[in-house]
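A short write-up of the structure that comes next.
The values are calculated or read from the model by the stated rules, or taken from the named source; none is laboratory data. Remember, predicted model here, so these are calculated numbers, not experimental data. FYI the Cβ positions are ideal-geometry reconstructions off the backbone, even for glycines, and counts take in every protein chain you see. Side chains included, ligands, DNA and RNA excluded: accessible areas come from the protein's heavy atoms. Shrake-Rupley method; radii C 1.70, N 1.55, O 1.52, S 1.80 Å.
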Amino acid sequence: MSEIKSFSDYTSKYNSNVDFSALFSGTSDSSSVGNTNMLSDYAAIKNGSYGKLMKAYYAKQDAEKLSGKGDTSQKLTLMKTSADSLKKSADALNDSSLWEKKKIKKKDSHTKNQLEAIVDYIAGYCEEKGIRRLPNICMPPLPELLTYVNGARMDSEEIYAYIGLLDDPDRQSQEQLKINITAQNYILIGSAQCGKTNVLQTIIRSLAENYTPAEVNLYIIDFGSMILRNFAELHHCGGVVCVSDDEKLKNLFKLLQTETAKRKEILARSGVSSFVAYKEAGYHDLPQIVVIIDNLTALKEMYLQDQDYLLPLCRDGIAVGISFIVANVQTSGIGYRYLNNFEGRIALFCNETSEYGMMFEGCRMKLPNIPGRCLIQLNKHTYESQMYLSFEGEKEFERVQKIQDFVKKQNEKYTGMKAAIIPEIPKELTLSYIQKTYPDYLEEGKVMLGLDYNTVSPMMLEIAQGGMFTISGKKEKGKDIFVKYLLEAMLLPAFGGTDLYILDDMTRRWADYEFHPDTAVYDNTTGSIRTIFDEVDQRVQSRYEDFAQRQEEALKSEPWIVIVIESSDAVAEISADKKIIGTIKGMLGKYRMMKVLILMTNVENAAIPFSAPDLMKIVKDNRRYIIFDDISNIKLCDLSVSIAKKYAKPIEFCDAFYVNENELTKIKTVKLS
């Protein structure tokens with residue numbers, strides 16, 4: 001606004017055509033006082049006071065109009081001041097002294113407040129007078145590392161394992177955590193490296209220390225870290241199954257199924273309904289079986305897709321003394337059908353907190369990421385616990401060494417006691433393995449041919465039935481090795497004594513027995529065939545006459561008569577002699593029980609036609625063979641299509657097919673060194 005110095009300047013700038021007569025209209029009618037007021041107003045206008053007032057009023061209006069168009073000098077000044085202040089603050093942040101570590105002055109030890117002085121005085125007084133300190137309102141926190149401490153064996157028919165320290169804030173107690181293995185199955189859930197396998201090791205250790213192999217049998221399925229294989233030699237352990245042991249896993253399930261059925265019959269005969277009641281009745285012949293599984297999801301995906309053998313065992317096992325302890329990363333790979341069979345539940349640290357709610361209904365508790373820290377459900381209540389470290393050691397190889405030392409110590413403690421092993425077919429079935437695993441493999445009149453692949457049980461040849469036994473197939477598959485084993489077994493004293501008559505060929509394959517004390521005749525020609533069969537015929541007739549006169553004891557003292565026919569020339573010679581054929585038919589018929597056996601050791605794996613020699617026809621009718629060849633190459637007997645498909649896989653060394661009448665069985669035969 002331009003400067004206004006006089007009234008004329010004002011009138012030139014603003015509208016001066018304003019009628020001011022109203023201001024003076026009352027001068028003629030009012031009283032003297034009123035006239036005086038009006039005159040004073042006029043004087044104010046004339047001397048410029050009123051003009052100054054109007055000047056200030058309109059100057060304010062002009063300033064308000066201009067404020068919308070731009071910043072006033074006051075605002076600019078304010079902005080400049082704020083910018084300067086911001087710069088000073090930024091400079092202060094860059095000051096190095098701001099970021100230097102402050103030296104905290106330590107409190108003078110001699111300086112105490114009243115509360116500290118009172119506490120120190122009371123503490124000193126109680127110590128001097130021997131006054132026991134009252135327990136804290138809250139228990140101390142669980143330790144992050146807890147070394148293994150074995151608990152005392154429970155005075156109960158049930159089996160318990162000590163695994164850690166239980167925190168029970170409701171009862172203001174922290175006590176040793178023990179779980180009842182006999183009463184229920186247990187499932188462990190937790191993320192990787194949280195201590196699941198360690199818990200399994202702790203359970204194994206506790207059971208092995210408190211119970212004998214006659215009381216507890218352990219079977220381990222390790223599809224996780226494989227560290228549980230170190231317990232394979234423990235006398236409490238019947239075997240460890242790993243990822244690649246598919247046959248061994250099937251055999252374990254067969255063992256458990258057989259044991260379940262057997263125990264149900266035993267309990268029914270005893271008139272009790274459960275395994276615990278059976279033991280309380282005074283029976284102790286059945287051990288508690290504990291199956292430990294590490295990584296259930298992998299087991300289900302690899303082997304239980306087509307048929308789930310495990311679920312029925314988990315459901316029926318508790319009642320017959322078979323418990324399952326399972327570890328897995330998460331519950332999603334298990335399913336509700338399995339969870340319903342696991343009343344005992346343990347949850348270690350889980351990345352997904354929803355796992356706690358899946359394990360414990362309505363649980364809102366969460367765990368810190370501490371190895372061994374867990375939640376456990378006991379009697380429908382959930383508690384926080386810390387698990388023991390099963391074996392101490394900074395590194396894994398140190399802990400493995402501790403496990404091996406523990407196994408050795410426990411085995412020395414229970415010498416001569418061993419859990420029932422998982423039946424399996426070894427890669428090589430040696431005499432030492434048979435003698436260790438099947439100490440009764442050789443009985444009088446019986447020889448073990450090998451192990452049945454289907455049942456993993458010994459396949460026995462009962463010589464007492466007499467008759468003829470034919471061996472055919474390829475030497476590369478182990479035929480000759482088996483024949484030698486068979487002869488050696490029949491010459492052992494436990495078999496009952498044997499007289500050998502050997503018709504060898506020109507290769508003299510069995511020349512080692514020519515001068516054996518139990519060899520009656522050895523010939524690699526056909527010159528002594530008639531003599532052999534005449535002699536044998538007389539012996540069996542004499543035995544038969546004695547037997548007919550009820551002299552059974554005389555027959556028991558007689559040795560076995562075994563005729564070994566290796567030579568194909570001998571086969572032709574025998575077939576051409578009707579008398580010898582008649583003698584052989586008598587041995588297979590009338591004199592079958594007179595402890596005589598014809599062993600055909602070199603029969604070709606080919607179909608026997610109607611025009612074949614008479615002795616080969618007898619071989620065909622007898623239908624008791626062992627054939628060392630693939631199923632697709634067997635021509636000696638007729639096989640069904642289903643059998644051919646079942647055993648289509650080529651056999652391994654020392655594998656064979658045993659044909660007895662109309663039954664065919666694949667077996668693993670003995671390999672002599």
note = Treating only Lys and Arg (+1) and Asp and Glu (-1) as charged, each at its beta carbon, one finds that region 486-551 has a dipole about its Cα centre, in Debye to the nearest 20, of 160 debye
task = Find how many whole Å separate the alpha carbon centroid of region 589-665 from the alpha carbon centroid of region 350-404.
result = 59 Å
remark   = Residue by residue through region 351-367, the couplings from Karplus 6.51 cos²θ - 1.76 cosθ + 1.60 with θ = phi - 60°, in Hz, x for Gly and Pro, are 5, 8, 5, 5, 4, 5, x, 5, 6, 10, 4, x, 7, 10, 6, 10, 10
ask   = For the charge dipole of the chain, defined by +1 on Lys and Arg C-beta atoms and -1 on Asp and Glu C-beta atoms about the Cα centroid, which residue among Thr111, Ile376, Gly333 has the Cα displaced farthest towards the positive pole?
value = Thr111
message = I want the local charge near Tyr433. Using Cβ-Cβ distances under 12 Å, sum +1 for each Lys or Arg and -1 for each Asp or Glu among the other residues.
response = +2
remark   = Phi angles of region 378-383, converted by Karplus (6.51 cos²θ - 1.76 cosθ + 1.60, θ = phi - 60°) into ³J(HN,Hα) in whole Hz with x for Gly and Pro, give 10, 6, 6, 10, 10, 10
query = Among 348-355, 446-453, 415-422, 526-533, what's the highest-first ranking by average C-beta atoms within 10 angstrom per residue?
reply = 446-453, 348-355, 526-533, 415-422
task = Report the GluC sites (Glu not before Pro) located in region 213-284 that are in a DSSP loop and have at most 15 other Cβ atoms inside 10 Å of their Cβ, or state none.
result = Glu233
request  = Heads up, I need the accessible area for Val329: 1.4 angstrom probe, whole protein in place, Å², nearest 10.
outcome  = 80 Å²
request  = Taking H placed 1.01 Å from N in the peptide plane, check which residues at least 5 places from Gly467 or on another chain put their amide H under 5 Å from its amide H.
outcome  = Val596, Ile598
request  = Scan region 316-388 for trypsin sites (Lys or Arg not before Pro) in coil per DSSP, keeping those whose Cβ has at most 16 other Cβ atoms within 10 Å, and list them by number.
outcome  = Arg364, Lys366, Lys380
ask   = In square nanometres, what is the average projected area of the Cα convex hull of region 543-673?
value = 10.5 nm²
remark   = Within the under-11-Å Cβ sphere about Pro650, not counting Pro650, Lys/Arg +1 and Asp/Glu -1 give a net charge of -2
message = Once you order the gyration tensor axes a ≥ b ≥ c over the Cα atoms, which shape class does region 449-547 get: rounded for a/c under 1.5, otherwise prolate or oblate by comparing a/b with b/c?
response = oblate
request  = State the label only: which of (1) 1.15; (2) 1.49; (3) 1.96 corresponds to Cα Rg over 2.2 N^0.38 Å computed from the shown model?
outcome  = (3)
query = Along the positive direction of the dipole of the chain (beta-carbon charges: Lys, Arg +1; Asp, Glu -1; about the Cα centre), which of Tyr58, Gly224, Asn622 reaches farthest?
reply = Tyr58
ask   = If amide H atoms are built 1.01 Å from N in the plane of the peptide, which residues on other chains or at least 5 residues away come under 5 Å of the amide H of Ser567?
value = Asp505
ask   = Which of the listed residues, Pro426, Ser385, Thr437, is farthest toward the dipole's positive end in region 384-438, when Lys, Arg count +1 and Asp, Glu count -1 at the beta-carbon?
value = Thr437
ask   = How about Lys112: which lysines have a C-alpha closer than 22 Å to its C-alpha, ignoring those fewer than 8 places off in the same chain?
value = Lys103
task = Determine how large the accessible area of Glu116 is when every protein chain is in place; take a 1.4 Å probe and give Å² rounded to the nearest 10.
result = 80 Å²
task = With a/c under 1.5 counting as rounded, go ahead and sort region 156-292 into rounded, prolate or oblate using the C-alpha gyration tensor (a ≥ b ≥ c being the square roots of the eigenvalues; past the cut-off, prolate if a/b is larger than b/c, else oblate).
result = oblate
request  = In debye, nearest 20, what is the charge dipole magnitude of the chain about its Cα centre with +1 on Lys and Arg Cβ and -1 on Asp and Glu Cβ, if you could check?
outcome  = 2840 debye
query = How high is the FRET efficiency from Gln465 to Asn340, r the C-beta distance, R0 41 Å, rounded to 0.05?
reply = 0.20
note = Summing -39500 (n - 2.57) over every DSSP H run of at least 4 in the chain, dividing by its residue total and rounding to the nearest 500, the 222 nm mean residue ellipticity is -11500 deg cm²/dmol
query = Of the peptides 319-326, 294-301, 133-140, how do they stack up when ordered by the mean number of other Cβ atoms within 10 Å, highest first?
reply = 319-326, 294-301, 133-140
query = Cross-link list Lys196/Lys300; Lys366/Lys402; Lys254/Lys418; Lys645/Lys666; Lys579/Lys617; Lys649/Lys671: which exceed 25 angstrom alpha carbon to alpha carbon?
reply = Lys366/Lys402
message = Can you list residues from other chains, or at least 5 along the same chain, whose modelled amide H is less than 5 Å from the amide H of Ile187?
response = Val326, Gly344, Arg345, Ile346
Heavy-atom surface of the chain, accessible at 1.4 Å and reported per residue (Å²) = 56 Å²
task = Provide the per-residue ³J(HN,Hα) series for region 495-505, in order, calculated from phi with Karplus coefficients 6.51, -1.76, 1.60 and θ = phi - 60°, each as a whole number of Hz, with x at glycine and proline positions.
result = 6, x, x, 9, 10, 8, 10, 10, 9, 7, 9
key: Summed side-chain charge close to Tyr186 - residues other than Tyr186 whose Cβ falls under 11 Å, Lys, Arg +1, Asp, Glu -1   = 0
